[in-house]
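Colleague: Sharing a structure below in structure tokens format, with a few things to ask.
The values are calculated or read from the model by the stated rules, or taken from the named source; none is laboratory data. Quick caveat, the model's predicted, so the values are computed rather than measured. FYI the Cβ positions are ideal-geometry reconstructions off the backbone, even for glycines, and counts take in every protein chain you see.
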Ligand code: NAP
């Protein structure tokens, strides 16, 4: 077996994403020799011990990071500033500090200034997930064939970046570097706006009069059903994503609303060619996703 990348990895937050990485680390053995887990509640930590992918659990994040040569923040992005403040004095010199947060400019803004000299901060985002959360939700194939985007600030230690990249490759992921602002715009359109639309459409359906609401549930066609799957995601995680990628989400939403308005106009005026063209473009995108195995 290849030597482990790290002697000790500490996970701060252990839901779908953290517990998937921890399960892979446990199963492969070549990511970290020791796995320490921190979460907010003892209940989660008890569950983690029962699930068997951690060597040790700690309720205090500062205790969890002591002597760890890799620390991975896996809590909602809104919790990162407080976590970073709590752990900063206890991070080991030379340690790699990384995260899995869905927004990257805010993470760099919140954590960057708190990182002690000699600690290497490598922000990352595995673009993979499901609508489930908590330590039971993780699984070892979650990242297979999916992208992980690294957004290291200029001047970040290259060896540290390579170690984080290798960690994600060992998780089955493909890795690419991206500028954080570009990351946030891309994710706003491919992930954050679709979730916003899903939450909104479910809210609209829920606002309907009682008898129509029951019919929505009874006769949900696949279109609405797909939206409800997306809308089942964790509220705190999504609250934090919207609030921390505000500019990009608002920009994409504005563009979407203009395009939706144009579609409404085409329907009103019977512009069949416009409608057909829009649907055809959607099909084309779907086909290209299937071709690149990202469907
Ligand atoms: P999750 O399943 O909801 O788990 C969240 C974990 O964070 C739990 O262990 C929770 O501890 C802990 N936590 C929650 N609030 C906290 C706080 N205020 N302070 C400290 N710890 C806190 O979350 P997830 O889906 O794995 O997402 C984790 C991160 O990955 C987020 O930043 C998210 O943006 C990012 N991400 C998610 C996805 C996705 O599809 N889910 C994909 C890519 C990236 P307790 O259980 O003790 O409350």
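Colleague: Say whether the condition of being within 14 Å of the ligand (Cβ to nearest atom), over 16 Å from residue 14 (Cβ atoms) and not in a strand (DSSP E or B) is met by at least one residue in segment 68-81.
Modeller: The answer is yes; a qualifying residue exists.
Colleague: Does segment 87-107 hold any residues that are more than 11 Å from the ligand (Cβ to nearest atom) and either out of contact with any strand residue (DSSP E or B) (no Cβ under 8 Å at 6 or more places or on another chain) or part of a loop (DSSP other than H, G, I, E, B) (or both), and which are they?
Modeller: If the condition is that a residue be more than 11 Å from the ligand (Cβ to nearest atom) and either out of contact with any strand residue (DSSP E or B) (no Cβ under 8 Å at 6 or more places or on another chain) or part of a loop (DSSP other than H, G, I, E, B) (or both), then 88, 89, 90, 91, 92, 93, 94, 95, 105 are the ones that fit.
Colleague: Scan 278, 284 and give me the residue that is surrounded by 12 or more Cβ atoms within 10 Å (Cβ to Cβ) and part of a helix (DSSP H, G or I).
Modeller: After applying the criteria, what remains is 278.
Colleague: Contact list please: Cβ distance under 7 Å, first residue in segment 233-248 and at negative phi, second residue part of a helix (DSSP H, G or I) and near the ligand (Cβ under 8 Å from one of its atoms), pairs at least six apart or on different chains.
Modeller: Here the result reads 240/77; 240/78; 241/77; 243/78; 244/77; 244/78, each pair linking segment 233-248 to a residue that is part of a helix (DSSP H, G or I) and near the ligand (Cβ under 8 Å from one of its atoms).
Colleague: Of the residues that sit in segment 93-109 and are farther than 21 Å from residue 188 by Cβ and surrounded by 18 or more Cβ atoms within 10 Å (Cβ to Cβ), which one is farthest from the chain's Cα centre (by Cα)?
Modeller: If we take residues in segment 93-109 being farther than 21 Å from residue 188 by Cβ and surrounded by 18 or more Cβ atoms within 10 Å (Cβ to Cβ), then 95 is farthest from the chain's Cα centre (by Cα).
Colleague: Can you go through 9, 17, 31, 35 and tell me which one is closer than 18 Å to residue 132 by Cβ and either away from the ligand (no atom under 14 Å from the Cβ) or assigned by TED's automatic domain parsing to the domain that holds residue 134 (or both)?
Modeller: 17
Colleague: When you look at residue 251, is it loosely packed, with under 13 Cβ neighbours inside 10 Å and under 30 Å from residue 80 (Cβ atoms), yes or no?
Modeller: Considered against the rule, which asks whether it is loosely packed, with under 13 Cβ neighbours inside 10 Å and under 30 Å from residue 80 (Cβ atoms), residue 251 comes out as no.
Colleague: A further question follows. Checking residue 129 against (1) in a helix (DSSP H, G or I); (2) under 24 Å from residue 20 (Cα atoms), which test does it fail?
Modeller: (1)
Colleague: In addition: Spot the failing condition for residue 201; the list is (1) surrounded by 16 or more Cβ atoms within 10 Å (Cβ to Cβ); (2) not assigned by TED's automatic domain parsing to the domain that holds residue 282, and only one is missed.
Modeller: So the condition that residue 201 fails would be (2).
Colleague: I need every pair where a residue in segment 268-295 that is within 16 Å of residue 190 (Cβ to Cβ) has its Cβ under 6 Å from the Cβ of a residue that is modelled with pLDDT under 90 and part of a loop (DSSP other than H, G, I, E, B), sequence separation at least 6 or different chains.
Modeller: From segment 268-295, the pairs are 289/295.
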